[in-house]
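Here the structure comes first, spelled out in structure tokens, and everything after it is commentary.
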DNA sequence: CGCTAATCTAGAACAAGTTTCAGACTTGAT
DNA sequence: ATCAAGTCTGAAACTTGTTCTAGATTAGCG
């Protein structure tokens with residue numbers, strides 16, 4: 001009946017992802033060739049993004065670069081934003097892996113979180129255009145991309161909780177983490193649009209991380 | 001020599017705004033007819049935005065609604081994002097005026113800021129589509145819109161400082177305000193994209209406002 | 001192996017933001 | 001009142017995201 005599986009046949013939206021390591025609603029498994037196409041697409045996306053940011057990721061070019069027809073590209077990723085958010089998921093996994101290897105060394109949870117975020121920030125600084133593409137896509141995403149954006153958010157939460165060294169956080173701590181994420185995203189945007197310096201971002205991150213001290217009186221402060 | 005002033009002649013970007021009450025680099029003054037055009041445009045923009053959000057603000061429709069040629073629209077506002085950010089500036093002024101009339105009544109600075117932001121949030125909830133258009137434009141804006149976005153940011157800062165009741169804030173307090181603004185913007189986005197409930201936004205705002213207590217030990221805590 | 005359903009491709013077509021242009025209109029200065 | 005410079009208009013053109021279509025290909029089943 002089917003062939004080459006079905007990355008997304010009936011459902012109009014919702015691309016498919018399930019790199020085996022991300023706990024997702026399990027979209028139908030992909031053929032090898034499909035998996036390869038998907039990788040080529042994400043690779044092309046990241047490459048173009050690295051060159052010129054959000055605007056440089058043009059769907060026709062992505063299709064050409066990844067040797068895939070435009071229609072196919074849209075079958076895998078229903079919109080440019082979906083594509084870039086998926087690209088971000090990809091990069092985030094890298095990042096998380098990297099961070100796991102060298103855990104932050106601060107004494108307090110606040111210090112460790114701040115250090116982790118600054119490390120991530122420095123990574124983004126190495127590819128500012130890529131960062132631009134991913135972050136802009138993330139914040140521009142509308143409801144149709146919510147599941148994917150949410151996944152990115154969850155992944156970010158995990159990274160922060162990892163840095164804090166918590167197994168089961170209290171509600172108050174989760175609130176603090178949420179606010180930290182808000183600040184992280186928004187600060188990135190101000191940096192990317194040239195309205196804040198790197199130093200300013202650093203200060204903002206350190207400032208918001210102090211919130212952690214308020215919720216874990218045993219550790220910090 | 002010139003005629004009808006020059007909203008933006010030589011300089012390729014940068015629309016003109018100077019509603020007399022906003023302290024700006026003073027772009028060349030506008031004729032009455034030009035001022036009227038500008039108002040018509042902003043009004044049409046807000047109206048369309050109120051209907052269907054960011055996507056519903058289509059430049060051709062704005063031009064038609066405001067009885068202006070498309071080229072003229074682009075002379076006044078070099079891009080859709082510029083237009084929507086200007087629309088936001090407009091709305092923010094309203095808001096600030098409204099807030100001045102009924103200052104928040106909380107005991108601590110943190111409470112007053114949270115109350116102020118929640119009041120603004122409720123106003124946005126009354127026109128969720130308009131909020132969508134303005135906030136999406138704000139976060140999607142690239143460097144070419146930095147001055148205008150910055151102006152919005154400054155205006156927001158003033159509103160928050162007003163609520164805190166401070167004349168000359170310390171650097172630490174300014175950092176807290178920056179983080180509050182970050183959280184405010186990002187929380188709005190998560191709400192607009194349906195990833196967070198109204199209740200969740202409230203919690204986030206209250207959480208981040210506790211940062212104020214950290215910087216003004218005399219008042220709160 | 002042969003079938004059938006689903007996928008992929010190439011390319012046209014459509015939509016909305018942005019640019020461009022020629023000509024009509026305003027404005028402020030002489 | 002006249003003129004030069006700048007502005008506005010209407011319409012076409014261009015760009016890039018997105019959709020659609022017809023036909024070639026592929027996958028898995030009997």
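Just so you know, all these numbers are worked out from the coordinates, no wet-lab data involved. Remember, predicted model here, so these are calculated numbers, not experimental data. Backbone-built Cβ (ideal geometry, glycine too); neighbour counts: all protein chains shown.
Summary table below
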quantity: Convex hull volume of chain B per residue (C-alpha atoms, cubic angstrom); calculated: 127 Å³
quantity: Cα-Cα separations in segment A:105-221 greater than 21 Å, expressed as whole percent; calculated: 37 percent
quantity: Computed over the protein assembly as shown, the ratio Rg/Rh where both radii use C-alpha atoms and Rh is Kirkwood; calculated: 0.98
quantity: Acute angle (nearest 10 degrees) that the helix B:171-192 long axis makes with the longest principal axis of chain B, alpha-carbon atoms; calculated: 70 degrees
quantity: Sequence-separation-based contact order of segment B:80-215, relative, with Cα cut under 8 Å and 6+ spacing, percent; calculated: 35 percent
quantity: Ratio Rg/Rh, restricted to segment B:26-101 and using Cα atoms, in which Rh is the Kirkwood radius; calculated: 0.99
quantity: Residue B:123/residue B:59 FRET efficiency (R0 41 Å; Cβ-Cβ; nearest 0.05); calculated: 0.95
quantity: Cα→Cβ-extended label distance, 7 Å offset, between residue B:32 and residue B:144, nm; calculated: 3.4 nm
quantity: Helix-derived mean residue ellipticity, 222 nm - over the protein assembly as shown, DSSP H n ≥ 4, -39500 (n - 2.57), to 500; calculated: -23000 deg cm²/dmol
quantity: Spin-label model distance (nm) - residue B:39 vs residue B:100, 7 Å beyond Cα toward Cβ; calculated: 1.9 nm
quantity: Distance histogram for segment B:101-147 (every C-alpha pair counted, 10 angstrom bins, percent rounded to whole numbers); calculated: 24, 32, 32, 12, 0
quantity: Sorted by Cβ neighbour density within 10 Å, fewest at the top, the residues A:101, A:202; calculated: A:101, A:202
quantity: For residue A:147, inter-copy label distances in nm, listed shortest first [label point 7 Å out on the Cα-Cβ vector]; calculated: 4.5
quantity: Angle between chain B longest axis and helix B:128-140 axis [Cα atoms, degrees, rounded to 10]; calculated: 90 degrees
quantity: Cα long-axis angle, helix B:198-215 against chain B (0 to 90 degrees, to the nearest 10); calculated: 70 degrees
